[in-house]
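The structure appears below as structure tokens.
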Amino acid sequence: MERTLAILKPDCVRKRKVGEVLRRIQEAGFRLRAMKMVTMSKTEAEGFYAVHEDKPFFDDLTDFMSSGPCVPIVLEKENAIADFRALIGATDPEEAENGTIRSDFADSIQENIVHGSDSPSNGEKEAAYFFPEHEIVANQ
Ligand code: CMP
């Protein structure tokens, strides 16, 4: 079974959309394997997004991601990476298809409500960034 790491970002928490976004994720067939609420430090956000450290938006992105609580979630499903990216829509909500989570709730390319891993190997690595393996529950 494929794993993806979702993060309901600080804008999602501030807008009180955690329940609505989780409902859509579960109705799309994803199994929740681990979940918590955490406020990342700037350093933790920089570590999570290290792959983007050369990008012009890196400093703003890591400020935003450490600006309040977020909800990291380990999800499993056949084809989880691609199916989750289809569910949330394009990074820029202006380009996201109608009916996707970002199209419906996101304000900008940065404050885009939710993160999803971009490959199976990153899904595993990103899950491990927030959860030791023993905190990830087995299939019920
Ligand atoms: P995410 O899927 O979490 O992966 C990297 C994040 O960087 C992305 O969502 C956006 O929040 C942010 N991002 C990507 N491109 C841009 C951009 N051009 N300007 C600002 N933020 C961006």
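Bear in mind that the values in this text are calculations on the coordinates, not laboratory data. Please read all numbers here as calculations on a predicted model, not as lab measurements. In this analysis, Cβ positions are derived from the backbone assuming ideal geometry, glycine residues included, and neighbour counts consider all displayed protein chains.
Hey, in the GNM for the chain with a 10 angstrom Cα cutoff, which one of 120, 56, 72 fluctuates hardest? Residue with maximal mean-square fluctuation among 120, 56, 72: 56. Please enumerate, by chain and number, the aspartates and glutamates with C-alpha under 13 Å from the C-alpha of residue 36, excluding those fewer than 8 residues away in the same chain. Leaving aside aspartates and glutamates fewer than 8 places away in the same chain, those within reach of residue 36 are 135.
If you model segment 25-101 as an ellipsoid using its alpha carbon gyration tensor, with each semi-axis the square root of five times an eigenvalue, the axes come out at 24, 17, 11 Å, biggest first.
The distance from the alpha carbon centre of segment 59-75 to that of segment 123-140 is 18 Å, rounded to a whole number. A Cβ-based charge dipole, computed about the Cα centre of the chain with Lys and Arg at +1 and Asp and Glu at -1, lands at about 640 debye. Of the residues 116, 47, 89, the one that moves most in a GNM of the chain with alpha-carbon contacts below 10 Å is 47.
With each label modelled as a point 7 angstrom along the Cα→C-beta vector, the residue 60-residue 139 pair spans 4.3 nm. Compared with the direct C-alpha span, the chain from residue 78 to residue 37 gains 12.2 nm at full extension, assuming 0.36 nm per residue. Each distinct pair of alpha carbons in the chain adds a 1/r term; the inverse of their mean, the Kirkwood radius, is 15.0 Å.
What 222 nm value per residue comes from the helices of the chain, counting each DSSP H run with n ≥ 4 as -39,500 (n - 2.57) and dividing by all residues, nearest 500 deg cm²/dmol? -10500 deg cm²/dmol, from helical runs alone.
Counting only residues at least eight positions apart within a chain, or on another chain, the aspartates and glutamates with an alpha carbon under 12 Å from that of residue 42 are 59, 60, 63.
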